[in-house]
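**Q** Could you have a look at this structure, given as structure tokens, before my questions?
The values are calculated or read from the model by the stated rules, or taken from the named source; none is laboratory data. All values reported here derive from a predicted model rather than from experimental measurement. Cβ atoms come from the backbone with ideal geometry, glycine included; neighbour counts cover every protein chain shown.
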Amino acid sequence: MLSARSRTRSFGFLPSLVFGLSLIATGCMHVSSSSESTNSGNDPFEETGDKTRETILIEPMEGTQSFEISPALFDTAVVKVDAKGGLPATVDVLIKGSFPEGCFELNALDQEPMRGGQRVSLTMRRPAEAICTQVVRPYRFFFTLDRRFDLGRYTLEINDRSFAFEVTDAAK
């Protein structure tokens with residue numbers, strides 16, 4: 001039978017282990033987010049007041065650290081056409097997704113026109129060889145397409161997924 005002293009010694013490593021893991025998790029949890037509320041009462045994207053997703057901004061890479069870059073994972077894309085200012089119309093997009101682990105952050109957004117719409121590439125990055133928390137982190141990301149659209153039907157292609165949208169006459 002173990003004495004109280006030997007039982008204490010056998011679990012003496014736990015505080016060090018917990019401290020070490022928390023340091024690793026903190027190092028991988030850098031998130032670039034907007035601290036101001038984007039809702040301010042008139043956000044056309046917030047139908048349900050989703051508070052579980054963090055609004056993410058794309059921050060430039062710092063230093064000489066190497067990163068693994070891959071297409072961003074996302075669940076939905078909401079397309080909002082704004083023709084109130086006249087034609088051609090502006091198009092805003094809300095991406096809702098989840099990072100597969102704690103170290104991921106958005107990397108870059110590239111846009112290019114395509115016949116009948118716009119092609120968008122959204123990538124995410126994580127530090128190479130990082131030990132990351134195995135936590136799914138929901139996020140949302142807003143952007144405006146870098147061109148304007150006349151009346152008609154269009155396709156928005158984001159990371160090889162297609163979303164249809166239509167620009168109609170706002171005066172109707």
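**Q** Filter the range 153-167 for residues that are more than 18 Å from Arg125 (Cα to Cα) and surrounded by 13 or more Cβ atoms within 10 Å (Cβ to Cβ) and give the result. Walk me through it before giving the result.
**A** Looking only at the range 153-167, we keep the residues that are more than 18 Å from Arg125 (Cα to Cα), and these are 153-157, 160-167.
Answer for the range 153-167, where residues must be more than 18 Å from Arg125 (Cα to Cα) and surrounded by 13 or more Cβ atoms within 10 Å (Cβ to Cβ): Tyr154, Thr155, Leu156, Glu157, Phe163, Phe165, Val167.
**Q** Where in the range 28-111 are the strands (runs of 3 or more DSSP E), entirely inside, with at least 3 residues that are closer than 15 Å to Phe143 by Cβ and at pLDDT 90 or above?
**A** Numbers: elements: 67-71, 76-82, 90-99.
Filter on the range 28-111 gives 76-82, 90-99.
**Q** (1) under 19 Å from the mean Cα position of the chain (by Cα); (2) surrounded by fewer than 18 Cβ atoms within 10 Å (Cβ to Cβ): which one isn't true of Thr90, the others all being true?
**A** (1)
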